[in-house]
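Here the structure comes first, spelled out in structure tokens, and everything after it is commentary.
The values are calculated or read from the model by the stated rules, or taken from the named source; none is laboratory data. Treat the numbers as computed from the prediction; the structure is a model and nothing was measured. For neighbour counting, all protein chains shown are included, and Cβ atoms are generated from backbone atoms with ideal geometry for every residue, glycine included.
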Amino acid sequence: MTIDRNTDAIIFDMDGTMWDAVDTYATIWNKAFEQEGYDRRITRDDLLALIGTPIDDIMRHFVPDSQVEHLLETIGNLVRSELPRLGGKLYDGVQEGVARLAQHYRLFMLSNCDDLELPIFVRFAGIDNYITDTIAYGNTGLRKAENMQLLIEKYNLQHPVYVGDTDSDCSEAHRAGVPFVWMSYGFGKTDHYDLHFDTFAQMVEHFEKTAINKP
């Protein structure tokens, strides 16, 4: 799949693409397990192996189906209080790069997280003025390809690209008919990207150069 030089929108994945908050997620999940009386504890490596999977599917790796909904409610409460406070590590160039790209493109965030995390992320990163909309699995119960289609239809996007870091990101983008930009510094690997970069700054420079609406 080729990336059209008339690209009009960039849709970003969050984890492994914009920041690394895995240690914070592990802290939040372990607090939830403790509050609910589980002996289970998870590590960064446990979560890294599942990053990009819808959150309720991740939870099924750790607790029975019958307990998922209640535990997710507990995690959601902790996300509200702890994620804005603890945050994550933004990758180099994200704040400046998003501001620069917003001069040329409509920018979106799309992830398989719950409905709370993307709004918290954009505020934490200080990029809320540049992001047109966010959509997550937790908002719709849909996978990434379907959520991409929702954004495409809602905003009449003609030539969007999806920027992510895993092979599943690539598969979902292509399933939606959207070219995929792989960020190699993230959590995953893929050989099926349409374009790839080793740093966020390189990606920004490329899309600035190819923008059709230069100021």
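If you filter the range 106-119 down to residues that are in a helix (DSSP H, G or I) and surrounded by 18 or more Cβ atoms within 10 Å (Cβ to Cβ), you find that the one that is farthest from the chain's Cα centre (by Cα) is Glu117. Against the definition (over 23 Å from Leu47 (Cβ atoms), in a strand (DSSP E or B) and in contact with a Ser or Thr (Cβ under 9 Å, 6 or more places away or on another chain)), how does His192 come out, yes or no? Against the criterion (over 23 Å from Leu47 (Cβ atoms), in a strand (DSSP E or B) and in contact with a Ser or Thr (Cβ under 9 Å, 6 or more places away or on another chain)), His192 does not qualify. Ile3 fulfils the conditions (1) among the hydrophobic types (A, V, I, L, M, F, W, C); (2) modelled with pLDDT of 90 or more; (3) under 25 Å from Leu151 (Cβ atoms) except for a single criterion, (2). Cβ-Cβ distances below 6 Å connect the following pairs, each with a first residue in the range 80-100 that is on the phi > 0 side of the Ramachandran plot, a second residue that is not acidic (Asp, Glu) and not in a strand (DSSP E or B), and a separation of six or more residues or different chains: Gly87/Phe124; Gly93/Phe200; Gly93/Ala201. Here Ser66 meets each of (1) farther than 18 Å from Met14 by Cβ; (2) buried (at least 17 other Cβ atoms within 10 Å of the Cβ); (3) among the polar types (S, T, N, Q) with one exception, condition (2).
Each row is one residue, and each column tells you yes or no for (1) within 15 Å of Val163 (Cα to Cα); (2) more than 19 Å from the chain's Cα centre (by Cα).
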{"position": "Thr2", "(1), (2)": "yes, yes"}
{"position": "Gly16", "(1), (2)": "yes, no"}
{"position": "Ile28", "(1), (2)": "no, no"}
{"position": "Asp46", "(1), (2)": "no, no"}
{"position": "Thr74", "(1), (2)": "no, yes"}
{"position": "Ala99", "(1), (2)": "no, no"}
{"position": "His104", "(1), (2)": "no, yes"}
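Going by what's in this entry, would Arg143 be described as of a type in the set (Lys, Arg) and either without any contact (Cβ under 8 Å) to a residue 40 or more places away in the chain or surrounded by 19 or more Cβ atoms within 10 Å (Cβ to Cβ) (or both)? For Arg143, the condition - of a type in the set (Lys, Arg) and either without any contact (Cβ under 8 Å) to a residue 40 or more places away in the chain or surrounded by 19 or more Cβ atoms within 10 Å (Cβ to Cβ) (or both) - is not met. The sole residue among Asp45, Asp23 that is at pLDDT 95 or above, assigned to a helix (DSSP H, G or I) and on the phi < 0 side of the Ramachandran plot is Asp23. In the condition set (1) surrounded by fewer than 13 Cβ atoms within 10 Å (Cβ to Cβ); (2) in a loop (DSSP other than H, G, I, E, B); (3) among the polar types (S, T, N, Q); (4) not assigned by TED's automatic domain parsing to the domain that holds His159, Gln103 is compliant with all but (4). Under 18 Å from Trp19 (Cα atoms) and not assigned by TED's automatic domain parsing to the domain that holds Asp165: which single residue out of Arg44, Arg60, Arg40 fits that description? Of the residues listed, the single one that is under 18 Å from Trp19 (Cα atoms) and not assigned by TED's automatic domain parsing to the domain that holds Asp165 is Arg44. Of the candidates Ile75, Ile51, the single residue that is in contact with a strand residue (DSSP E or B) (Cβ under 7 Å, 6 or more places away or on another chain) and not assigned by TED's automatic domain parsing to the domain that holds Leu151 is Ile51. All of (1) part of a helix (DSSP H, G or I); (2) in contact with a helix residue (DSSP H, G or I) (Cβ under 8 Å, 6 or more places away or on another chain) hold for Ile135 with one exception: (1). Taking the range 10-56 as the range and being closer than 22 Å to Leu110 by Cα, small (Gly, Ala, Ser) and surrounded by fewer than 20 Cβ atoms within 10 Å (Cβ to Cβ) as the test, the residues that pass are Ala26, Ala49.
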